[in-house]
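Have a look at the structure below, then the notes.
What follows is calculated from the coordinates using simple rules that are stated; it is not laboratory data. Treat the numbers as computed from the prediction; the structure is a model and nothing was measured. Reconstructed Cβ throughout: ideal geometry from the backbone, glycine too, with neighbour counts over all protein chains shown.
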């Protein structure tokens, strides 16, 4: 059993800040836990816009605070995301989040992230893995 809080991982290697400066993420469950998913609390900052494409992952996101406009760049459709709203990127959709007020969300990734990922020039997280235990 693992018990940990978001508070206790602040400032550790599980607390990742994007090179772009548009978001930070506390990654409370990672690939090294070997449970088949990762779990994060992510904050995207008001007034920012982040374009992403999880070509290697499926992501589910639940907004718990704030507001953002989500654009599916595949279809052009736009959604307002507010607390209690979930979106699932089950088709590896290219998408953009335009943040109106600090947007705090809980995210689940499959396959799990290692904690070292940041978006590349295409908005993609590389598919990193943890070494097999021997």
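Would you work out the relative contact order for the chain, in percent, from Cα pairs under 8 angstrom that are 6 or more residues apart?
Working: 322 pairs, mean separation 39.0, N = 134.
Relative contact order for the chain comes out at 29 percent.
Identify which of the listed values of log10 I(q)/I(0) by the Debye sum over Cα atoms at q = 0.17, 0.22 Å⁻¹ was calculated from the structure shown: (1) -1.02, -1.52; (2) -0.99, -1.28; (3) -0.90, -1.54.
For log10 I(q)/I(0) by the Debye sum over Cα atoms at q = 0.17, 0.22 Å⁻¹, the calculated option is (3).
Can you sort 81, 43 by how many other beta carbons sit within 10 Å, fewest first? The partial results should precede the final answer.
On the way: 81 21, 43 18.
Placing the least packed residue first, the sequence is 43, 81.
Mind checking which of 38, 25, 51 has the largest fluctuation in a GNM of the chain, springs on alpha carbons under 10 Å?
Per the Cα network of the chain with a 10 Å cutoff, 51 tops the list.
Between 56, 90, 110, which gets the highest mean-square fluctuation from a Gaussian network model of the chain, Cα cutoff 10 Å?
Fluctuation is largest for 90.
For the chain, with a Gaussian network of springs between Cα atoms less than 10 Å apart, report the residue from 16, 113, 35 with the top mean-square fluctuation.
Looking only at 16, 113, 35, the biggest GNM fluctuation is shown by 35.
Give me 52, 86, 1 sorted ascending by neighbouring Cβ count inside 10 Å, so fewest comes first.
On the way: 52 19, 86 11, 1 2.
In order of increasing Cβ crowding within 10 Å: 1, 86, 52.
Which of 37, 6 has the fewest other C-beta atoms within 10 Å, and how do the rest follow up to the most? List each step's numbers first, then the result.
Numbers: 37 17, 6 14.
In order of increasing Cβ crowding within 10 Å: 6, 37.
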